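Below is one structure, written out as structure tokens; the observations come after it.
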Amino acid sequence: MRSDGFPDDFVWGCSTSSYQVEGAVDEDGRGVSIWDTFSHTKGKIRDGSNGDVACDSYHRFEDDTELLERLGVNAYRFSIAWPRIQPNGKGRANQKGIDHYSRLVDGLLEKGIEPWPTLYHWDLPQTLQDAGGWPERDTAYRFADYADIMFRALESRVHHWVSVNEPWCSAFLGYRDGEHAPGLHDARLAHRAVHHLLLAHGLSNEIFRQTGMEGEFGIVINPVCRRPAQDTEAHRQAARRASLEQTNLWLDPVFGRGYPQEYVQACGAEMPVLDGDLELIAKPVDFVGVNYYEENCVEPCPQGPDNPLGYRIVPTTLPKTAMGWDVVPEGLRRLLVWISNEWKPKALYVTENGAAFVDIPSRSAGEEGENSEATRGIGSQSAARQVRIHDTERIAYLRGHIDACREAIAQGVPLKGYFVWSLLDNFEWSWGYSMKFGLTAVDADTQARLPKDSFEFYRAVIDAAQDARI
Ligand code: GCO
């Protein structure tokens with residue numbers, strides 16, 4: 001093992017997603033997605049914004065690629081907007097949509113950056129939602145067709161594929177809690193969505209294998225490993241139950257155990273499983289992607305219709321991000337170790353980790369050298385030039401979590417890579433642009449990209465990792 005604890009082939013990456021950065025929502029034949037509809041519905045987005053323009057990455061992907069090169073990452077995780085490929089979610093592919101991602105992939109490869117496309121990061125074609133969306137089985141078959149189109153289009157150039165991103169959010173925030181598109185409040189629909197999202201994953205996994213393509217295929221989830229507030233058996237049991245919905249409900253079926261019966265019974269979940277579904281869902285994956293932001297502390301409370309799993313999140317005095325999320329780097333290590341021991345995936349990647357903080361730009365009259373790389377923005381550069389963002393909290397957050405990755409590896413976790421969320425400040429779903437997770441700020445008027453101090457920090461981490469190669 002090298003002195004810094006990371007293997008030579010460790011993947012250092014950065015993530016974004018289509019609706020959060022692309023903009024250009026009605027260009028080149030793109031269809032409407034559920035996020036267009038939701039964000040344009042009054043009262044759904046806290047700052048009244050939407051992703052119509054976002055970071056304009058659809059047009060500025062070359063600027064983004066240049067930023068990634070400067071950052072030194074060897075992988076870029078982005079997502080493909082399904083409505084750009086099949087505007088109505090079915091039928092012939094829209095060549096202009098394919099061309100866009102083809103250009104992005106070529107641009108990355110030219111710079112030695114591995115493309116890591118996610119096929120579904122929440123922008124379902126609205127037409128499919130009009131037909132029922134994820135609670136309907138047909139959506140999974142439509143997804144499989146779309147995945148097939150993308151495999152064929154990018155086959156020889158892409159070697160890492162993600163099926164669905166955080167399907168828990170699509171199912172529960174989208175169909176039960178109403179916080180995400182399509183904004184419904186129906187637990188029964190949410191459970192149907194769970195099964196069809198997993199089925200979509202399984203069907204696309206099968207097609208991936210059938211193509212005989214070289215490369216890896218996996219799923220990205222946002223699992224939790226909740227911490228008991230006190231060291232009692234009742235608290236430990238509550239913490240275990242509190243992790244079922246976001247973790248076991250996904251990993252159990254993917255690893256061939258079917259749905260966790262304790263969850264199904266407690267929540268009265270009716271999963272629309274047909275013969276053969278569980279086998280499809282359990283087709284081996286090459287990796288599991290883990291998105292990690294925080295860890296919660298829980299205590300038991302009586303189980304009942306409003307609280308079928310019998311737990312409550314306990315507030316802590318730990319430092320918090322702007323989202324109000326507890327900063328617990330150690331929790332990332334705990335989570336990775338648990339998943340690795342319990343489900344034994346071949347490989348794990350941290351596919352998202354990062355934090356929103358209130359960034360205060362400082363104007364520093366060029367003292368650090370206006371033309372130094374650190375201060376040079378991309379896009380309309382003059383506006384960006386004199387401003388710096390000293391985001392020390394984000395740096396501390398990233399440092400702590402990268403250390404946690406190192407410790408997880410030391411404990412035997414097959415962790416193969418780490419991706420920061422996010423390359424850019426972008427459209428943070430129901431929070432609009434009010435929450436900033438980027439290593440790079442984006443000027444809303446000029447679209448100029450301004451790397452923050454955390455960008456330089458992450459670049460230095462990657463540089464040091466390269467230097468430590470043996
Ligand atoms: C996700 C997220 C990102 C969010 C990030 C911060 O996969 O949850 O996909 O889209 O922006 O998690 O909340």
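Overview of results
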| quantity | calculated |
| --- | --- |
| Index of the failed condition, T65 passing every other in (1) open to solvent by 10 Å² or more (accessible area, probe 1.4 Å); (2) away from the ligand (no atom under 16 Å from the Cβ); (3) polar (S, T, N, Q) | (1) |
| In the range 108-136, the residues that are surrounded by fewer than 17 Cβ atoms within 10 Å (Cβ to Cβ), under 23 Å from P272 (Cβ atoms) and not aliphatic (A, V, I, L, M) | D130, G132 |
| Near pairs, Cβ below 6 angstrom, 6+ apart or cross-chain, from the range 427-443 (closer than 22 Å to V73 by Cβ) to any residue that is within 8 Å of the ligand (Cβ to nearest atom) | F427/Q20; E428/M435; K436/A356; F437/G354; F437/A356; F437/W421; F437/S422; G438/S422 |
| Any hit, the range 337-351, residues being within 29 Å of R77 (Cβ to Cβ), crowded, with 21+ Cβ neighbours inside 10 Å and of a type in the set (F, W, Y) | yes |
| From the options V298, V290, V285, residue that is more than 16 Å from W343 (Cα to Cα), touching a strand residue (DSSP E or B) at 6+ places or on another chain (Cβ under 6 Å) and open to solvent by less than 20 Å² (accessible area, probe 1.4 Å) | V298 |
| Contacts under 8 angstrom Cβ, first residue in the range 1-28 being within 13 Å of the ligand (Cβ to nearest atom), partner part of a loop (DSSP other than H, G, I, E, B) and at pLDDT below 95, 6 or more apart | none |
| Residue ID - farthest from the ligand (Cβ to nearest atom), chosen from residues in the range 411-470 that are assigned to a helix (DSSP H, G or I) and among the polar types (S, T, N, Q) | Q466 |
| Candidates R92, R60, R70, R77 - the one that is of a type in the set (K, R), surrounded by fewer than 20 Cβ atoms within 10 Å (Cβ to Cβ) and closer than 30 Å to D453 by Cα | R70 |
| Search result, residues across the range 301-336 that are among the polar types (S, T, N, Q), assigned to a loop (DSSP other than H, G, I, E, B) and open to solvent by 30 Å² or more (accessible area, probe 1.4 Å) | Q303, T316, T317 |
| The range 159-215, subset farther than 20 Å from A81 by Cα and in contact with a strand residue (DSSP E or B) (Cβ under 9 Å, 6 or more places away or on another chain), residue surrounded by the fewest Cβ atoms within 10 Å (Cβ to Cβ) | R209 |
| Matching option when the condition is small (G, A, S) and over 28 Å from G13 (Cα atoms), among A140, A144, A153, A81 | A140 |
| All positions within the range 397-427 that are closer than 27 Å to A54 by Cα and out of contact with any Lys or Arg (no Cβ under 6 Å at 6 or more places or on another chain) | Y397, L398, Y418, V420, W421, S422, L423, L424, N426, F427 |
| Top-ranked residue of the range 337-372 - restricted to ones that are small (G, A, S) and either part of a helix (DSSP H, G or I) or farther than 29 Å from W116 by Cα (or both), ranked as modelled with the lowest pLDDT | G369 |
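The values are calculated or read from the model by the stated rules, or taken from the named source; none is laboratory data. If you're wondering where the values come from, they're calculated on a predicted model, not measured in any experiment. Glycine also receives a Cβ, built like all others from the backbone with ideal geometry; neighbour counts cover every protein chain displayed. Side chains are part of the model used for accessible areas, which takes the heavy atoms of the whole protein and leaves out ligands, DNA and RNA. Shrake-Rupley method; radii C 1.70, N 1.55, O 1.52, S 1.80 Å.
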